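To keep things clear, I will list the structure first and then write my remarks on it.
The values are calculated or read from the model by the stated rules, or taken from the named source; none is laboratory data. Only a predicted model underlies this, so the values are computations on that prediction, with no experimental measurement involved. All Cβ positions, glycine included, derive from the backbone under ideal geometry; neighbour counts span all protein chains shown. Areas reflect the complete protein model, heavy atoms only, side chains present, ligands, DNA and RNA absent. Shrake-Rupley method; radii C 1.70, N 1.55, O 1.52, S 1.80 Å.
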Amino acid sequence: MTAALTALTLLLHGDSVSSSRIEVSGREARVTFTFSMEDLAELARLDLDRDGTVEPEEWTQVLPALFSYLGDRFRIDGCRSEGDPLLVPPATTLKDRRAPVTLRMRYVSAGPLDRLRIRCDLFHEHEGAPRHVAEGPGGRVMVFDRERPEIDGFSAAKPSRAWMVGGSVAAVILAAVLLSRPGSRAAAA
Amino acid sequence: MKSWMWNAAAVALLAALAVALGGDGQCPVAPYRYPLTQRTGTDDEIAALEERIARSPEGLDLAALSRACLRQARQTGKRRWIDQAEAAARRSLEILPVSNAGALLALAHAAQMTHDFAGSIALCDRVLEARPRDAGALSLKATAQLGLGELDDAIRTADALVDRLPISEHLALRAVVRSARGEEREALLDFRKALAVEEPGDPEGSAWLRAMWARQALRRGRRNEADDLLREALRIRPFLPLALGLQGDLELDRGRLDEADGAYADAYRASGDPVFLARRARANPAAADELRAAAEKAMRESGDHPLALARLLLDRGTPGAVKEALALAESESRVRRNAETLETLAQAQAAVRKVRP
């Protein structure tokens, strides 16, 4: 019965939804992904001992395969990717299909990362309309889907910091201009 | 001096009692009294039924498979399970065309999951012709009538359901119908009764009861009560999209935009429902355009959210968007005359008058 009631408040969707948070520092972008257990379970056999729970040891064994998939399906132009094996998900039961699972990847570039060109086709092999919501520096959000798998010019700079730097430079120039005026110097003296 | 000491001791005792009774993190409004358990093994059940059906296809087994697929649809949010449930139910009816209420109700349930409420009612009526007091048919019918905004019919069916079997689920359904009719006091009474007779074994239903109760509290401005109920709902079922979305509404109401954005993001991830993307736009002004555009695209693709799309277009406010919103709301009001539809229709009519030169 409850399922029928749930239908009133929420429609069922066949679409995979994942998300990521991107942090850029120098030549490296750290991308922290969040997936549903359901989606990851369709990528690889996670519960190796078939006891219904994916233990940290089992995660450690399947992480390389998952990192390889992520490296192929979420690419940042000009970067090589590698998974972060230190972030191992906790024990998660397979029955909790909506449980979020967090994985982290590092994308390293030869030069500084000012603007990111990202290609994301995560879960495009699944049915429906898979979507990925990426959040960049400064709260910027980009939504990838089948029709929009690539986004160019995702700014790597934090807008607030850019404004702060710009504002500081402008303040210094303004102060220098004011101080260089003869009247100002006399007043300061 | 002595009386001062007695008073101090009494205050200390009361404080200790308050901590002991309320300080264990339990929800004071509607505590869940049972141990939190894992779900039942729907995967194993489906595999066993499929194996049995492959050996010898029986109508009743196919009906049971259909119900198991619907449970899986609810757990995963994946639509393909509804298709499989429908296929199994239809096959069941081919093999066993009479006295097969299970298959008919599975079809009615599947229809409801895709918001075909009229189709669901027609299927329920076929069951009720032969079995007028069938609780499953009555509960599905009341829900569908509620979905269509036929509130007088819905309350009659819900009353019949509670008379037939006054269990927690049925009382919760009547509470929601009463709330939709604006009978707040009666709804609250039913929510409390539903809690009083709550039993273990349906954590999803227990979480849902609290989430719907919280929705009512939130609408009436009882934020602390709503917060308390939502915390308990999410303790029982941590990824229940309905509760996560309401948590977002609550935080937005409190002006805590980051928390609201986070809750909507979790709700979207857990459900895939683009309505939550649209709600994120309100909580995250920096990314509002991108989120609204993505929500609109997803809603247009699925075609399942005419009202939500209408509201999104009203938010945009351009003459073309407002005109389209009005057309959507008018079309929806022809099939669903509930409060939500009529409110959106009124907003769209007002917006059209405003943009008209």
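The Kirkwood hydrodynamic radius of the protein assembly as shown, based on inverse pair distances between different Cα atoms, is 26.2 Å. Shown here: the stretch A:2-158, whose C-alpha atoms stretch 51, 39, 25 Å along the first, second and third principal axes, sorted largest to smallest. For a test of the definition: using alpha carbon positions, the gyration tensor, and the 1.5 limit on a/c, classify the stretch B:36-149 as rounded, prolate or oblate. Oblate, since a/c reaches 1.5 and b/c is not below a/b.
Only Lys, Arg, Asp and Glu carry charge here, each on its Cβ (+1 for the first two, -1 for the last two); on that basis the protein assembly as shown has a dipole of about 2020 debye about its Cα centre. Taking θ as phi - 60° and the Karplus parameters 6.51, -1.76 and 1.60, the scalar couplings of the stretch B:306-313 work out to x, 6, 5, 5, 4, 5, 5, 5 Hz in sequence order, x denoting glycine and proline. Rolled with a 1.4 Å probe across the full set of protein chains, the surface gives A:Phe33 an accessible area near 0 Å².
Taking Cβ atoms as reference points and 13 Å as the exclusive limit, the residues near A:Asp77 contribute a net charge of +2, counting Lys and Arg as +1 and Asp and Glu as -1. Kindly flag which residue pairs out of B:Lys78/B:Lys141; B:Lys78/B:Lys193; B:Lys297/B:Lys354 have an alpha-carbon separation exceeding 29 Å in this structure. Listed pairs above 29 Å: B:Lys78/B:Lys193. In order along the stretch A:18-29, the phi-based Karplus estimate (6.51 cos²θ - 1.76 cosθ + 1.60, θ = phi - 60°) of 3J(HN,Hα) comes to 10, 9, 8, 10, 10, 10, 10, 9, x, 9, 10, 10 Hz; Gly and Pro are listed as x.
The phi-based Karplus calculation (6.51 cos²θ - 1.76 cosθ + 1.60; θ = phi - 60°) puts the 3J(HN,Hα) values of the stretch A:64-77 at x, 5, 5, 5, 4, 4, 5, x, 6, 9, 9, 10, 10, 3 Hz, whole numbers, x for Gly and Pro. For the pair A:Glu82 and A:Ser25 in one chain, pulling the backbone fully straight at 0.36 nm per residue adds 18.9 nm over the alpha carbon distance. Rounded if a/c is under 1.5, else prolate if a/b beats b/c, else oblate: with a ≥ b ≥ c from the C-alpha gyration tensor eigenvalues square-rooted, which is the stretch B:232-357? Cα axes put the stretch B:232-357 in the prolate bin.
Work out the length of the dipole vector of the stretch A:42-109 about its Cα centre, built from +1 on the beta-carbon of each Lys and Arg and -1 on the beta-carbon of each Asp and Glu, and round it to the nearest 20 debye.
320
Only beta bridges with both residues in the stretch A:2-158 are counted; by DSSP, about 90 percent of them are antiparallel.
Shown for the stretch A:2-158: the carbon plus sulfur share of the solvent-accessible area, taken with all protein chains present and a 1.4 angstrom probe, equals 47%. The Cα trace of the stretch B:59-217 gives Rg and Dmax of 15.6, 48 Å, the first to one decimal, the second as a whole number.
A viscosity of 0.692 mPa s and a temperature of 37 °C, combined with the Kirkwood radius over C-alpha pairs in the Stokes-Einstein formula, give the stretch B:197-236 a diffusion coefficient of 327 µm²/s.
Using only the Cα atoms of chain B, build the gyration tensor, take square roots of its eigenvalues as a ≥ b ≥ c, and label the shape rounded, prolate or oblate: rounded if a/c is under 1.5, else prolate if a/b is larger than b/c, else oblate. Taking the square roots of the gyration eigenvalues as a ≥ b ≥ c, chain B is oblate. Expressed as a whole percent, the accessible surface of the stretch B:235-349 that belongs to carbon and sulfur atoms is 50, based on a 1.4 Å probe. The trypsin sites (Lys or Arg not before Pro) found in the stretch B:61-145 that occupy coil by DSSP, while having at most 12 further C-beta atoms within 10 Å, are B:Arg133. The accessible area of B:Asp125, taken with all protein chains in place and a 1.4 Å probe, comes to roughly 60 Å².
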